[in-house]
Amino acid sequence: MKTVGYAAHSADAHMVPYHFERRALRPNDVAIEILYSGICHSDLHTVNGDWGPQPYPLVPGHEIVGRVLEVGSAVKHYKVGDQVGVGCMVDSCQDCDQCHHGEEQYCRHGMTGTYGSKDRIDGEITQGGYSKHIVVREEFVLRIPDGLDMSRAAPILCAGITTFSPLRTWKVGPGSRVGVIGLGGLGHMAVKLAVAMGAEVTVLSRSDKKAEEARTLGANGILVSSDKSAMKAASASFDLIIDTVPVKHDVSPYSPLLDVDGTLVIVGQLGAMDEFVAAPLVMGRRRVAGSLIGGIKETQEVLDFCAEHDIHPICEIIRPDQVNDAYAVMSKGDIAHRYVMDMSSLSVE
Ligand SMILES: [Zn+2]
Ligand SMILES: [Zn+2]
């Protein structure tokens, strides 16, 4: 199938139109016309080569929403016209313990990423959602519930599940005290999801500039991390802190904020971190942990949860030819919304 997208041809992250082919349908494949494609901060890191060398040309994008165009002969759960989504993975071994209990992101043999990975069957490099069409095996296709606005659902497939999964893993519910560091794409979803689960949510930020925004999202307020006396007064007052900061930073100022047995979960940064002081961890059996997206079953859960609670990411809709401008804004710092591309202006002809 002929298609078109936006690809990076080198590590300068400049996107240009790119014509390429999607594979012919295998029996268990679903062909999707992409309607909306979210732009994730990790797309920028990846195409920049920040996380290692990449197989260029590379079409990024792993927040994909669209409509089923065609299904393979063995597809059971989808039919032409269904509203569907694709997130950060398009395949895994389907046979190890992690895959069996629905955590394909931790597949023992490595999951296949939506872009820049090797297809498990033909070895072709996978290409992502900044394109008009995608072909994905049905086990990795999600259903977009009717209650969600298609134009604003795409970021749930990465920003949503990345924050939902640790909230579920650490059993956040009514009365849980949750802190969220950073109020960008991930952080604003963490606040909305934790509030909907009944938690008391506080945003941790370097200044009080985002106090109003935090309250609008449902947080109780903001804790200014540069305010030493406020930080001291807040010691031992959180059960869980979601750390969404996507660059190298120091967790030491935050760990004393955790109550005994509390956990700080890193979801934004993959590279090096600053040295940290162990004492607050030892003295309170506190933990620093990490978490990667979520499994397919849990990704369907977050989509259904968002539909049920009327949670939508804050999106700014742009055209695909504006992607380079969006990257320029994103590389300057965190923005409290997601850019989502409306793919209707992209044509294969
Ligand atoms: Zn992402
Ligand atoms: Zn596996």
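A short reminder: the numbers here are calculations on the coordinates, not readings from a lab. Only a predicted model underlies this, so the values are computations on that prediction, with no experimental measurement involved. Every residue, glycine among them, receives a Cβ derived from its backbone with ideal geometry; neighbour counts consider all protein chains shown.
So here's what we get for this one:
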item: Residues with amide H under 5 Å from that of Met341, placed H, sequence gap 5 or more; result: Ser37, Gly38, Ile39, Ile318
item: Overall form of region 160-290 per C-alpha gyration tensor (a/c, 1.5; a/b vs b/c); result: rounded
item: Distance cut-off 34 Å, percentage of C-alpha pairs in the chain lying past it; result: 24
item: Too-long pairs where the Cα-Cα distance tops 22 Å, listed order kept, from Lys232/Lys332; Lys192/Lys332; Lys171/Lys228; Lys76/Lys297; Lys132/Lys332; result: Lys232/Lys332; Lys192/Lys332; Lys171/Lys228; Lys132/Lys332
item: Table column - 3J(HN,Hα) (Hz), region 145-158, Karplus curve with 6.51, -1.76, 1.60, x for Gly and Pro; result: x, 4, x, 9, 7, 3, 6, 10, 8, 3, x, 4, 6, 10
item: Which of Thr126, Thr216 has the fewest Cβ neighbours within 10 Å, and the rest in rising order; result: Thr216, Thr126
item: Built amide H within the under 5 Å cut-off of Val277, gap 5+; result: Ser252
item: Environment charge of Gln127, counting only residues whose C-beta is closer than 14 Å and scoring Lys/Arg +1, Asp/Glu -1; result: -1
item: Cα-based helix-to-principal-axis angle, 296-308 vs the chain, degrees rounded to 10; result: 70
item: Förster radius 22 Å - calculated FRET efficiency between Arg26 and Tyr106 (Cβ-Cβ, nearest 0.05); result: 0.35
